[in-house]
Amino acid sequence: MSKEAHTYVQERIKKAVQNKPVMDFFEFGLNFKYEQIMKKMPKLKKLSEKYRQIKEYSIKNLDELVKIAKENLEKNNCQVFLAKTAEDAKKYVLKETEGVDLITKSKSTTAKECGIIKALEEKGITVIETDLGDRIIQLSGEEPSLPVGPGVHIPLTKVAEVFTKEVGYEVKPDFEPIRQAARANMREKMLQGKICLTGANAIGAEDGIIGLIENEGNISLITRLADKHIAVAGIDKIVPDWESATTIIKSMEQYLEITGTYTSFIKGPSRTADLQGINVLGMHGAQEVHVVLVDDWRTRAKNAGFEELLYCTNCSACFFACTAVLAGGLAYGSEAVKGGIGIVRSAFSEGIEAAVRNGLFMCVGCKACIELCPGRIDVAGMLERLRAIAVEQGYGVPPHLKIAENMEKYENPFGEPREKKTEWMKTKK
């Protein structure tokens, strides 16, 4: 079992490094982004400290904040479902999407991790990705890279090809023609969606709000155009209040250096009070807002001493400092989340073997990722602890296990018999 898992990792790395255009992108892109963030680091210190304090408090008081969030979201006329497992979340979304054949979607790592997207498609529902990067991945069938920029590693020629096929006319491999084709194609789909599916960057418990940041405008559009908005998010996204949610979102923008053109705080369905001052729900925006708060592995991770995992906001900043990403590219990380943090997540969401297959033993332990993380999460430290668990369960790296066996049996790493060692010592005398 151990050998099979590690062979799988080796094959993934081999495949990744043979893809020279992607590896060239990683080498240039990661180094460039790393330098950009490092230049800003002195200015980000106070923001980082505030972010860390918010997440430490939120995760420590998570059970209470979940109750407060549910209560206040419901006061704001949201329909809240607490999903103990990924399966619970999946069943709820499938029930709420009965009778539709198309859903518009923006980023939701949790929905993907829970298998919701796959389940919807298996049911015959077309799920349209409205983020350009996700749409490129969806149409091309390529493996995603960064959580916030899943298609940035794909050459323009390839992107032009997939949109040419999608729109039915030739799209030139340049920025503006691709933008125009993608905009027209996705806008047409957005107008058809009666239900939209999103994640949440932060949820303010005391105010009962969902915080979302974007640069394209797709999230704003689909959450207003659809009759029903379903937001799927882990309970780790819950923070005390509106101000805390704003800090989390600001940290994402500053550390990743994205242009957060639009920040939305959704406080229930659309409404009007223009009819004799009485609140009437469902005006121009969504008529229903459903919030699916997913626990699944999160409480288990916290209780196991991996509460730092829940400090992550999925901003990808750690990606740019990672030696394993630079060496192994897309082979390092899970399907849902790339990088070391994705591997830690997969250990709890899928099991220790999944973490091994996602590259658990690839981390070099340099801890450079801590420097770029707004929450100063010790990803390398968590990976080291998971390695110990993996070894205990028989998933050690085969050459390492052989060395350990030799040390125990022969008192040397090479497997040389003891008598040879004795002869060698005699010659030294």
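The table that follows gives values for the structure above.
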item: Exclusive hit being of a type in the set (Lys, Arg) and touching a residue at least 12 places away in the same chain (Cβ under 8 Å), set 67, 91, 118, 107; result: 107
item: Among (1) at pLDDT below 95; (2) of a type in the set (Lys, Arg); (3) not in a loop (DSSP other than H, G, I, E, B), the one test that residue 107 misses; result: (3)
item: Sole residue being modelled with pLDDT of 90 or more and over 30 Å from residue 225 (Cα atoms), chosen from 301, 317; result: 301
item: Exclusive hit being touching a Phe, Trp or Tyr at 6+ places or on another chain (Cβ under 9 Å) and either surrounded by fewer than 22 Cβ atoms within 10 Å (Cβ to Cβ) or of a type in the set (Phe, Trp, Tyr) (or both), set 384, 353; result: 353
item: Region 402-416 residues that are under 20 Å from residue 391 (Cα atoms), paired with ones that are of a type in the set (Gly, Ala, Ser) (beta carbon under 7 Å, 6 or more apart); result: 406/415
item: Single unsatisfied condition, residue 360 versus (1) buried (at least 18 other Cβ atoms within 10 Å of the Cβ); (2) among the aliphatic types (A, V, I, L, M); (3) farther than 11 Å from residue 340 by Cα; result: (3)
item: Scan of region 266-289 for residues that are crowded, with 20+ Cβ neighbours inside 10 Å and assigned to a strand (DSSP E or B), ordered by number; result: 266, 289
item: Wholly enclosed strands (runs of 3 or more DSSP E) of region 169-262 bearing at least 3 residues under 16 Å from the mean Cα position of the chain (by Cα); result: 209-214, 228-234
item: Test: residue 96 is acidic (Asp, Glu) and at pLDDT 95 or above; result: yes
item: Residues of region 303-323 satisfying the condition of being in a helix (DSSP H, G or I), open to solvent by 10 Å² or more (accessible area, probe 1.4 Å) and under 29 Å from residue 10 (Cα atoms); result: 308, 318, 320, 321, 323
item: Residues satisfying the stated conditions in region 92-148, i.e. under 27 Å from residue 26 (Cβ atoms) and of a type in the set (Val, Ile, Thr); result: 109, 110, 117, 130, 136, 137, 148
item: Members of region 30-58 that are exposed (fewer than 14 other Cβ atoms within 10 Å of the Cβ) and either in contact with a Gly (Cβ under 8 Å, 6 or more places away or on another chain) or among the acidic types (Asp, Glu) (or both); result: 35, 49
item: Flag if residue 56 is among the acidic types (Asp, Glu) and free of Cβ contacts under 8 Å to residues at least 24 places away in the same chain; result: no
item: Single residue of 167, 171, 127 found to be among the aliphatic types (A, V, I, L, M), touching a helix residue (DSSP H, G or I) at 6+ places or on another chain (Cβ under 8 Å), open to solvent by less than 30 Å² (accessible area, probe 1.4 Å) and free of Cβ contacts under 8 Å to residues at least 40 places away in the same chain; result: 171
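The values are calculated or read from the model by the stated rules, or taken from the named source; none is laboratory data. Since the model is a prediction, treat every value here as computed from it, not as a measurement. Reconstructed Cβ throughout: ideal geometry from the backbone, glycine too, with neighbour counts over all protein chains shown. These accessible areas exclude ligands, DNA and RNA; they are computed on the full protein's heavy atoms, side chains included. Shrake-Rupley method; radii C 1.70, N 1.55, O 1.52, S 1.80 Å.
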